[in-house]
Amino acid sequence: MTTLVFGHKSPDTDSTGSPIIWAWYLNEVKGIPAEAVLLGEPNTEAAFVVKRWDCPKPRIATEIADGTKAVIVDTNNPAELPANVNALDVTAIIDHHKLVGGLETKGPIDITIRPLACTATMMRDLMGDDAARMPNWVKGLMLSCILSDTLEFRSPTTTAHDRAVAENLAADLGIAIPAYAAELFEAKSDVGAFSDAELLRMDSKEYTVAGKELRISVLETTAPKLLLDRKASLMASMVDVAKEDGAEQVLLFVIDILREEATLLVPNDFVKQVAEASFGCTVTGDTVVLPGIMSRKKQIIPSLKL
């Protein structure tokens, strides 16, 4: 039986590249038939990376049959996985997020969760000496995942190990990290063709805060003005997106990669209350700038309160 390898819904670069990397490893090194699949359309940066390294785009799996063997990467949150995830035959989890709970497996499995910035960094470690067998396209995917998740080492989630792995990969590939990261961020910022609802779901995760179901959306960009010019329509669309997704509210953080700050859209008193309680700021309009806030995982989620 083929093992499916997949990450979370709304695939970013790490959740697109890491399944491809691990499926390569299972197939070519371990001799285990495996296929990388996605649970949604990849974002613009992830789509660029797949094309840049000439990888076949994984198929999108809208349904996965009960009993299917699976490896889950870049998440352990049931809310970000197929509704029937507990009916799958999950054999391993490789992740770098906090342990959420709620997953149930058919037996003991391999679980690796480490405090690193990127799942792909962990995969390099798990491969050990077999990493030397990686072809350039796999190395390119791995480098892309690390640069994306660390925002070229700007994110506070970045560790010295993430950076060392990325620099070694870049050296092997003969790539200058600043130039390649600029290409990634340009692709990440190219969101003009997306609707407001698509933007709100593009890089979002579901979390419960003080009993309230929230969709926490992040848009990382080098051109924040293009997004903030759409703030009125984005805030109007939050109502329908929240209702359709069963959430109390959508919180949208526009991350300015170059200025290293976040702008939170504040459409109502509820979000104003969340912002002031969580970040110690004073909100006077429909946006608030949060200096130094770059990471949903390390800075935003742990701070959220009512």
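Each value in this text was obtained by applying a stated rule to the coordinates, not by laboratory testing. In this text the structure is predicted, and so the values were computed from the model without any measurement. We place every Cβ from the backbone using ideal geometry, glycine too, and count neighbours over all the protein chains shown.
Residue count for segment 199-231 under the criterion of being in a loop (DSSP other than H, G, I, E, B) and either charged (D, E, K, R) or crowded, with 20+ Cβ neighbours inside 10 Å (or both): the result is 3.
Exactly one residue out of Thr2, Thr105, Thr62 is touching a Lys or Arg at 6+ places or on another chain (Cβ under 8 Å), of a type in the set (Val, Ile, Thr) and surrounded by fewer than 21 Cβ atoms within 10 Å (Cβ to Cβ): that is Thr2. Are any residues in segment 97-123 free of Cβ contacts under 8 Å to residues at least 60 places away in the same chain and under 20 Å from Gln299 (Cα atoms), and if so, which ones? Within segment 97-123, Leu99, Val100, Ile113, Arg114, Pro115, Leu116, Ala117 meet the criteria.
Can you tell me how many residues in segment 232-264 are in a strand (DSSP E or B) and either small (Gly, Ala, Ser) or over 21 Å from the mean Cα position of the chain (by Cα) (or both)?
So the answer is 1.
In summary, Leu306 fulfils each of the numbered conditions (1) surrounded by 20 or more Cβ atoms within 10 Å (Cβ to Cβ); (2) part of a loop (DSSP other than H, G, I, E, B); (3) over 22 Å from the mean Cα position of the chain (by Cα) with the single exception of condition (1).
Looking at (1) among the β-branched types (Val, Ile, Thr); (2) closer than 20 Å to Ile32 by Cβ; (3) crowded, with 18+ Cβ neighbours inside 10 Å, can you tell me which one Thr112 breaks? Unmet for Thr112, out of (1) among the β-branched types (Val, Ile, Thr); (2) closer than 20 Å to Ile32 by Cβ; (3) crowded, with 18+ Cβ neighbours inside 10 Å: (3).
The selection criterion, being aliphatic (A, V, I, L, M) and either under 17 Å from the mean Cα position of the chain (by Cα) or surrounded by fewer than 20 Cβ atoms within 10 Å (Cβ to Cβ) (or both), does not hold for Ala166.
Restricting Ser155, Ser148, Ser144 to those that are of a type in the set (Gly, Ala, Ser) and in a loop (DSSP other than H, G, I, E, B) reduces the list to Ser155. Going residue by residue through segment 40-56, is there one that turns out to be assigned to a strand (DSSP E or B) and surrounded by fewer than 17 Cβ atoms within 10 Å (Cβ to Cβ)? Within segment 40-56 (the criterion being assigned to a strand (DSSP E or B) and surrounded by fewer than 17 Cβ atoms within 10 Å (Cβ to Cβ)), the answer is no, since none of the residues qualifies.
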